[in-house]
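Here the structure is laid out as structure tokens; the discussion comes afterwards.
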Amino acid sequence: MSRIKRVPHCSHWGAYTILVEDNRIVGVEPFEHDPAPSPIIHSIAEWANPERRVPRPMVRSGWLDKRENSDRRGRGREKFVPVSWDEATTLVADEVRRVADTFGNASIFAGSYGWTNSGRLHHASSLLKRMLNLVGGFTRHVDTYSIAAGPVILRHTLGSDDACGGRANTLDTIAQHTETLVVFGALSPRTAQNEAGGIGSHRLETYLRKIVERGVKIIHVSPLKDDLPDWVDAEWWPIRPNTDTALMLGLAGEIVKAGRHDTDFLARCTSGADRLLRYLEGKADGGRKDALWAAGICGLGAGQIAELARRLVDTRSMLTVSWSLQRAHHGEQPFWAALGLASMIGQIGLPGGGVGYGYASLGGVGAPLNLSKSPAISQLKRPIDSFIPVARISDMLLNPGRPFSYEGEIRSYPDTRLVYWAGGNPYHHHQDLNRLSEAWTRPETIIVQDPMFTATAQRADIVLPATTSIERNDLAGNRRSDFILAMKKAIEPLGEARSDFDIFNAIAGKLGVAERFNEGRDEMGWVRHLYEACRDDSSKRFGFTMPEFDAFWESGYAHCPVKADHTFLADFRNEPEEHPLNTESGKIVLGSETLARLDYPDCRSHPAWIEPAEWLGTAEAGQMHLISHQPAGRLHSQLEAGPSSRAMKRNGREQARLHPDDAAALGIVDGQTIRIWNDRGECLATAEVSDEVRRCVLVLPTGAWFTPTGNSGLEVAGNPNVLTLDIGTSQFGQGCSAHTCLVRVEPCPADRRDAFEAYQETLAALAAV
Ligand SMILES: Nc1nc2c(c(=O)[nH]1)N[C@H]1C(S)=C(S)[C@@H](COP(=O)(O)OP(=O)(O)OC[C@H]3O[C@@H](n4cnc5c(=O)[nH]c(N)nc54)[C@H](O)[C@@H]3O)O[C@H]1N2
Ligand SMILES: Nc1nc2c(c(=O)[nH]1)N[C@H]1C(S)=C(S)[C@@H](COP(=O)(O)OP(=O)(O)OC[C@H]3O[C@@H](n4cnc5c(=O)[nH]c(N)nc54)[C@H](O)[C@@H]3O)O[C@H]1N2
Ligand SMILES: [Mo]
């Protein structure tokens, strides 16, 4: 008779106990200390479904024959040939050596962006970088798809990116002190489900309930009403996408026009305020920036804007800005303009006042700050300094040697010969996937290491099957989580899959650096070692005792030392000279000497409204603004076939939300298949007609597995990245501009539907190795 085993585990969406019987997952129970567990925990059994897994190491047939001289357009078309692990790791090691010796290590691109699993030992891209740093290095990436424009501009204007990395005012102080809360974007349990590296307790709703109980006045600025839960009593301002900068500057200008800006705060704590004031007063480029000016751009009422401007200075006011706002063309501006507005109000550094970024974008932003070290395996020292801004991958592959600018410097793209991706899915995350497909034909060799046979893995030359986290031991934790959590092995590896650590250790062996890679530790040796480093740190620096390793491993969790009730920049506000910021002036930069010198038209010397490349202000009749936000029932493309993800689909496709008036005008009814297209691509989705969406806006979540069909390339699963725009936010930040995108929509023409079935056959043939 078999017995049910209880196995503590954790993922980016939280901790849970896996119930296992005979190597099968028979249930999942939420973590006892989690007040609001994520439904995604009930999808994890899908990892054990062999249908979407890479069964064994495989090599594309054309590459096996001709290596670097293969026809690279065979990627995603030719059959894969199974090989042994020994053969696969030899091929990989030989390729690393060949490219490094012939072209130099910068020709190896191992940025390998992606969320992988929450385990801190088997963190695929960290291990890849650790291995390659032992053999001469690689070209990496800087910043993330989540945030790039934002942290770049904040590092320059606040001296660090703490304000968008979860180190601004904690939500408990906002719940206690704020009187007027302006939410730009979302404060949503949808996104707060996840935290990079795991989360113990989901507390957003607890704080939101306190905010609601205290009767805080909430203004919600977003094209989508359900970016706030429906039980939060807020005034919804359905703004035109990508125009928040104008609203912020209009509010600031209105405050200045009334002479109510905090001149004392501006003088003591900011530099270059004159540049911004001149612009707001219309002395720089003609027009005064006030409520009327903003209303015309944002599609809101001038009266409500003027009234809010008064409220912001009359009450304790806090601005929260979602990360999504900077994932758009000129994404630096809303982050900087919010800082400009908060400086005019003058409440930065007061409890419940000022500005913060990314609340609820991840579950730990706004939670009490985790003070001690969080577990991480070292990537070791970098022998070379070659990088690209993360979202410039297609630009890099298409334009070797071409110069690019970033943070005020000019560098050039390397000549990429080898791409190694472990734990990320560019055919999920990158914009303009048809352009990426062209760029993908450029490197000589592409290696992908993933448990799943993703669109990216299907387009590789060498595919290495990694285990999922439930097939090995690890630990989770990060600087925004109040717990370190055990991730114990629940089931045996599927097929021939091996852990990321074992795969890289084997390749390191073939490259002659295994001892330095593994430092003599095996899996459990490392798990223990990473935990002990955190335990030591919390005891030495904070006198906080975490349990011994064995007790932690047995119970599945350990508390970390945290600081609640945190007010960002309180010390700086009180004594700016004693606590200078790491900026050009030591103060908050509202007018930048550096940017004045650089003289970029797309990132000027003060926060400014600069029209995005695509927006409703210049749209033709019938064009709609596409918002491709984060999917509710999964993390990105992960567990896309799991029950929590499938529950969000209709007719097997992602749902695209649009306003009833737009639907009526376009002849679309709820539940109908629609075709969405622009010059870059086309996809299908199921229409969901809803009055929670602003007019002329279409909301289609990311994460559907990229499924292009036959010759037309029509994408049939509903992946918005066939439509999105692949340009940098500006020459300064070079972030991704996913949220800047115009599309057209129509009921799906009948002939397009058959393409779906045809493609299913192609896929089945490809997988049959
Ligand atoms: N249009 C549009 N596009 C966007 C965004 C948007 O708002 N709009 N958002 C962007 C953002 S913020 C982000 S962060 C990115 C996310 O982009 P990604 O992080 O690339 O997306 P994931 O689907 O999480 O990809 C993780 C991959 O790791 C694999 N994996 C999981 N566990 C393991 C493991 O243990 N080992 C290995 N080797 N692999 C593993 C998974 O199977 C999956 O293929 O998408 C970006 N793309
Ligand atoms: N369930 C789930 N949660 C996730 C993820 C996931 O894949 N699934 N991914 C995680 C990751 S990697 C990240 S980086 C975060 C991202 O966190 P966010 O960037 O905060 O999330 P998004 O869903 O992209 O955007 C939030 C909302 O911003 C609004 N918005 C978009 N453009 C504009 C605009 O121009 N103006 C205004 N005012 N609002 C706008 C949209 O209505 C959208 O719903 O989410 C994390 N959380
Ligand atoms: Mo992200």
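Here are some notes:
- The antiparallel fraction among DSSP beta bridges confined to the chain stands at about 50%.
- Zone residues, region 161-203, relative to residue 575, backbone N less than 13 Å from point 7 Å out along Cα-to-Cβ: none
- Note on residue 665 and residue 206: the extension gain reaches 161.1 nm, defined as 0.36 nm multiplied by sequence separation minus the Cα-Cα distance.
- Label zone at residue 533 (point 7 Å along Cα-to-Cβ), backbone N below 13 Å, region 160-187: none
- Amide H partners (placed H, <5 Å) of residue 282, local residues excluded: 289
- Helix-only [θ]222 nm of the chain, DSSP H runs n ≥ 4, -39500 (n - 2.57) each, per residue, nearest 500: -8500 deg cm²/dmol
- Once you reduce region 69-117 and region 683-756 to the center of their Cα atoms, the two points are 30 Å from each other.
- Carbon/sulfur fraction of accessible area - the chain, other protein chains in place, 1.4 Å, %: 47
- Euclidean distance between Cα centres, region 185-243 to region 392-446, Å: 35
- Think of region 616-768 as a dipole: +1 on every Lys or Arg Cβ, -1 on every Asp or Glu Cβ, centred on the Cα centre; then among 722, 693, 733, 733 lies furthest on the positive end.
- Judged by the mean number of other Cβ atoms found within 10 Å, the most tightly packed of the peptides 522-532, 649-659 leads the ranking 649-659, 522-532.
- Length gained when the stretch residue 285-residue 415 is fully extended (0.36 nm per residue, less Cα-Cα span): 42.6 nm
- For q = 0.06, 0.08, 0.11 Å⁻¹, Debye-computed log10 I/I(0) when each Cα of the chain counts as one equal scatterer: -0.36, -0.65, -1.29
- In a reduced charge model with +1 at each Lys and Arg Cβ and -1 at each Asp and Glu Cβ, region 616-768 shows a dipole moment near 300 debye about its Cα centre.
- Compared with the dominant Cα axis of the chain, that is its longest principal axis, helix 85-103 is turned about 60°.
- Per residue, region 5-52 exposes 45 Å² of accessible surface when a 1.4 Å probe is rolled over the protein heavy atoms with every protein chain present.
- Computed across region 89-240, the Kirkwood radius stands at 19.2 Å (inverse of mean 1/r, all Cα pairs).
- Close amide H contacts of residue 359 (hydrogens built in the peptide plane, cut-off under 5 Å, sequence separation of 5 or more or a different chain): 321.
- Estimated FRET transfer efficiency (residue 142, residue 86; beta-carbon r; R0 51 Å; 0.05): 0.90
- Rounded to the nearest 20, the Cβ-based charge dipole of the chain about its Cα centre (Lys and Arg +1, Asp and Glu -1) stands at 580 debye.
- Summarising the amide proton neighbourhood of residue 26: residues at separation of 5 or more, or on other chains, whose placed amide H is nearer than 5 Å comprise 19, 20, 21.
- Straight-distance candidates among the lysines for linking to residue 373, with alpha-carbon spacing under 18 Å and chain neighbours fewer than 8 residues away dropped: 540, 563.
- Vicinal HN-Hα couplings computed from phi for region 262-271 (Karplus, 6.51 cos²θ - 1.76 cosθ + 1.60; Hz; Gly/Pro x): 7, 5, 5, 4, 4, 6, 7, 10, 10, 10
- Extension reserve of the residue 544-residue 582 stretch, reckoned as 0.36 nm per residue once the Cα distance is removed: 10.7 nm
- Probe 1.4 Å, all protein chains present, accessible-area order of 350, 436, largest first: 350, 436
- Relative contact order of the chain: 20 percent, from C-alpha pairs under 8 Å at least 6 residues apart in sequence.
- Along the axis of the charge dipole computed for region 503-659 (Cβ charges of +1 for Lys and Arg, -1 for Asp and Glu, origin at the Cα centre), the listed residues 633, 579, 542 are led at the positive end by 633.
- Rounded to the nearest whole Hz, the Karplus-based 3J(HN,Hα) values (6.51 cos²θ - 1.76 cosθ + 1.60, θ = phi - 60°) of region 405-410 follow the sequence 10, 7, 6, x, 10, 10, with x at glycine and proline.
- ³J(HN,Hα), Karplus 6.51/-1.76/1.60, whole Hz, each residue of region 671-685, x for Gly, Pro: x, 7, 6, 10, 10, 10, 8, 7, 5, 8, x, 8, 9, 9, 7
- Global form of region 5-52, assessed from the alpha-carbon gyration tensor, a/c cut-off 1.5: oblate
- Förster-model FRET efficiency, 30 Å R0, residue 77 and residue 22, C-beta, rounded to 0.05: 0.15
- Computed about its Cα centre, the charge dipole of region 5-52 is approximately 100 debye, with only Lys, Arg, Asp and Glu carrying charge at their Cβ.
- FRET efficiency for residue 267 and residue 434, using Cβ-Cβ distance with R0 set to 56 Å, rounded to 0.05: 0.60
- Ranked from largest, the principal axis spans of the Cα set of region 616-768 equal 48, 41, 32 Å.
- Distance between modelled label sites at residue 621 and residue 600, nm, 7 Å Cα→Cβ extension: 3.9
- Each of the peptides 692-698, 33-39, 91-97 was scored by the mean count of other Cβ atoms within 10 Å over its residues; in descending order, highest first, they stand as 692-698, 91-97, 33-39.
The values are calculated or read from the model by the stated rules, or taken from the named source; none is laboratory data. Everything numeric in this text was worked out from a predicted model, so none of it was measured. Glycine also receives a Cβ, built like all others from the backbone with ideal geometry; neighbour counts cover every protein chain displayed. The protein model used for the area step is the full one, side chains on, heavy atoms only, and it has no ligands, DNA or RNA in it. Shrake-Rupley method; radii C 1.70, N 1.55, O 1.52, S 1.80 Å.
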